[in-house]
Amino acid sequence: MISFSSNTLSRSRSDFLLSESVRLLALTAGGLLLLVVAFLFHESWPALQGIGLSRFFSDPDWYPTDNSYRLTSMVWGTLLATTGAVLFATPLGILSALFCHFYAPPLLSRWYRRMVELLAGIPSVVFGFWGLMVLVPLIGRWHPPGPSLMAGVLILTLMIMPTIMLVSHASIAHVPIAYIHTTSALGFSRWSMIWHVILPTTKMGLFTGILLGLARALGETMAVLMVCGNVVQTPSHLFDPVRTLTANIALEMAYALGDHRAALFMSGLFLMGLVVLVVSTAESLRHQNTYVSAK
Amino acid sequence: MPFPVFFIFTLRIILVSHILWALPWEYPNARAEGERLIITGSSTMAPLVSEIGKRFETLHPGIRVDVQTGGSSRGIADIVNGLADIGMASRALKSQEQHLSGSVIAHDGITIILHTSNPVQELADDQIRSIYTGSITNWSHVGGPDAAITVVNKAEGRSTLELFLDYFHLSNRDVHAHVVIGDNEQGIKTVAGNPNAIGYVSIGTAQYDATHGIGIRLLSLQHIPATIETVREGRFPLSRPLTLVTKSPPAGLIKTFIVFAQSPQVHDLILKQYFVPLQE
């Protein structure tokens, strides 16, 4: 076991104070997360007691004021919208990072990056508003009524692409310059350098970018609420409206009472579970990969 | 682990948990016990009345306003049985309730909205019902262009949804919606962006937006125009009075509260909930 006093070598008083206060802050940060989870459990406890966990899967549909609490279709909504966005945004983000680094002239590259940084800073409600006013009517003309899984996927793609691009860009910038010089000296073409050297060495960084984007897409609420249509159903194709778990909470929480309210906290708990599941899967994949590449 | 280290570690944990517990959690029961007003009833009115109650509490220190929900019928039953001081009913008093004393504090009215480009001028009640239950799916059936109707419905728990379903004798399961919206503004934006959409929102917001260049049109219902005035007069069919009910004509603290709830001092709270206040 690590001894708590001996990992600070200095015996000076100020060092002791510093290390103590830093530990205190770290414990607080960790404690807050535990508190959030505890709060979610506490608030959804009436639902777990009164309704029972199985009914969130086995009820015919979601009519909370009518005692019907199925959450499955919203879990699907969240998963499909997130997966779709990650599938679109990953190639877009990584390719634009590569473009910025290896293909674009320096001036263009700098401006391009600025633009993407700006895109990353736009609040989600603005994306949602734009989606509602521009994107949804466009999709509506093509495939009525318009608010749909497709609109959600596109908006989320726009929102997480900058994250993926910027993190990829940063990790590509950390590739040792010697690698690039060596591959040039060996006569690699630009693309085979990217494919055989850059991408393998930056794999972890790209992965982190995708993970961050994924987390943002899972938790996004406002934009999705505005463009997805929010009809509770498991979508059968891309142009069906869907409701995500986050949208469900935002739509109904303001006026929910009693069991309905507890059921909404339950959807928060489901979302939390999804995030834990996705992040831990991603982490374990990452460890496997590190192991393989370390061999 | 040597004892002093263990001691410091424990101390640290205790300290952290105290910091976390000291965060501003609200204990509603921890307030000073004083005179209490118990108000129960309509869940439509509860958010409004509890906001009014909070403002009343700050103006009258030592008085506690306790708002509980359970539906208009519970509000009436509770004052009849003496369990509450004031009942909330989001409807007018029925004929067998005339021995009670009711004071209207605001009106709730909703309007059907269409896109401005939609040529349909008026819809009969049963046409609207058929559109929302999915038996009419094309505007050409009701005198419009040949285009599929996009039905916009409200999310569960909202009073607008409840009033709408009540008026058209529908249950939420009967409604075949294409879009489900949360607040009024979102509904208006959805209809303004889709020429084939039909939706319903609170009249106050709709009238404000329609007169400020947003592309929606308010439909008359049973030939009565959808305006704030017709709602205030109680003439518009899709509206209801929000009533505070007492067992006997209000007196004392109860009267002070009801007069306060009817006064212009709470108009901002009423408008924030998209209801229509009594006076201009």
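So what is log10(I(q)/I(0)) for chain A at q = 0.14, 0.15 1/Å, when the Debye sum runs over its Cα atoms only? Cα-only, vacuum Debye calculation for chain A: -1.11, -1.18.
Summarising the overall dimensions of the stretch B:131-280 from its C-alpha atoms, the Rg and Dmax are 17.7, 62 angstrom.
Counting only aspartates and glutamates at least 8 places from A:Lys203 when in the same chain, those with an alpha carbon closer than 19 Å to its own are A:Glu283.
Take the Cα of B:Thr256, step 7 Å toward its Cβ, do the same at A:Ile122, and the gap between the two points is 5.4 nm. Across the options A:Thr82, A:Ala47, A:Leu27, the greatest Cα extent toward the positive end of the charge dipole of the protein assembly as shown (unit charges at beta carbon of Lys, Arg, Asp, Glu) belongs to A:Leu27.
With labels modelled as points extended 7 Å from the Cα through the Cβ direction, what inter-label distance (nm, one decimal) is found for B:Val104 paired with A:Asn67? Calculated label separation equals 3.6 nm. Calculate the length of the line joining the C-alpha centroid of the stretch A:237-259 to that of the stretch B:257-280, in whole Å. With the stretch A:237-259 and the stretch B:257-280 each reduced to a Cα centre, they are spaced 30 Å.
Among the protein heavy atoms, those of B:His223 account for about 150 Å² of accessible surface (1.4 Å probe, every chain in place).
Note on surface exposure: B:Leu269, A:Leu32 rank A:Leu32, B:Leu269 by accessible area, highest first, 1.4 Å probe. Extending 7 Å from the Cα toward the beta-carbon at both A:Arg23 and B:Leu83 defines two label points whose distance is 5.4 nm.
Magnitude of the charge dipole for the protein assembly as shown, about its Cα centre and with charges confined to Cβ atoms of Lys, Arg (+1) and Asp, Glu (-1), is about 1700 debye. In the frame of its principal axes, chain B has Cα extents of 83, 61, 34 Å, reported largest first. Placing A:Glu43, B:Glu156 in order of accessible area, with the largest value first and a 1.4 Å probe, yields A:Glu43, B:Glu156. Going by accessible surface with a 1.4 Å probe and the largest first, A:Trp76, A:Trp111 read A:Trp111, A:Trp76.
Considering only Cα-Cα distances, which of the following residue pairs are longer than 19 Å: B:Lys154/B:Lys189; B:Lys54/B:Lys94; B:Lys54/B:Lys154? Check vs 19 Å cut-off fails for B:Lys54/B:Lys94; B:Lys54/B:Lys154. Please work out the FRET efficiency for the pair A:Trp191 and B:Gln121, using the Cβ-Cβ distance as r and a Förster radius of 51 Å; give the result to the nearest 0.05. Using R0 = 51 Å, I get an efficiency of 0.20.
With contacts taken as Cα pairs under 8 Å and at least 6 residues apart, chain A reaches a relative contact order of 25 percent. Span-like helix check, chain A: qualifying full DSSP H segments, with Cα axial length of 15 Å or more and mean Kyte-Doolittle of 0.0 or more, are A:13-50, A:72-98, A:106-121, A:149-173, A:203-219, A:258-294. The residues of the stretch B:161-207 occluded by other protein chains by 30 Å² or more of accessible area, set against the chain on its own, are B:Arg173, B:His178, B:Val179, B:Val180, B:Gln186, B:Lys189, B:Gly193; surface from heavy atoms, 1.4 Å probe.
Size descriptors for the protein assembly as shown (Cα atoms only): Rg and Dmax, in that order, 29.1, 98 Å. For chain B, hydrophobic long helices are taken as DSSP H runs at least 20 Å long by C-alpha position along their axis with mean Kyte-Doolittle hydropathy of -1.0 or more; these are B:3-21.
Each part reduced to its alpha carbon centroid, the stretch A:55-109 and the stretch A:152-195 end up 23 Å apart.
Summary value for chain B: 25 percent relative contact order, contacts being C-alpha pairs under 8 angstrom separated by 6+ residues.
The values are calculated or read from the model by the stated rules, or taken from the named source; none is laboratory data. Keep in mind that what you see is a predicted model, and the values were worked out from it rather than measured. Don't worry about glycine lacking a Cβ; one is built from the backbone with ideal geometry, like all the others, and counts go over all protein chains shown. Quick note on the areas: whole protein, heavy atoms, side chains included, nothing else; ligands and nucleic acids left out. Shrake-Rupley method; radii C 1.70, N 1.55, O 1.52, S 1.80 Å.
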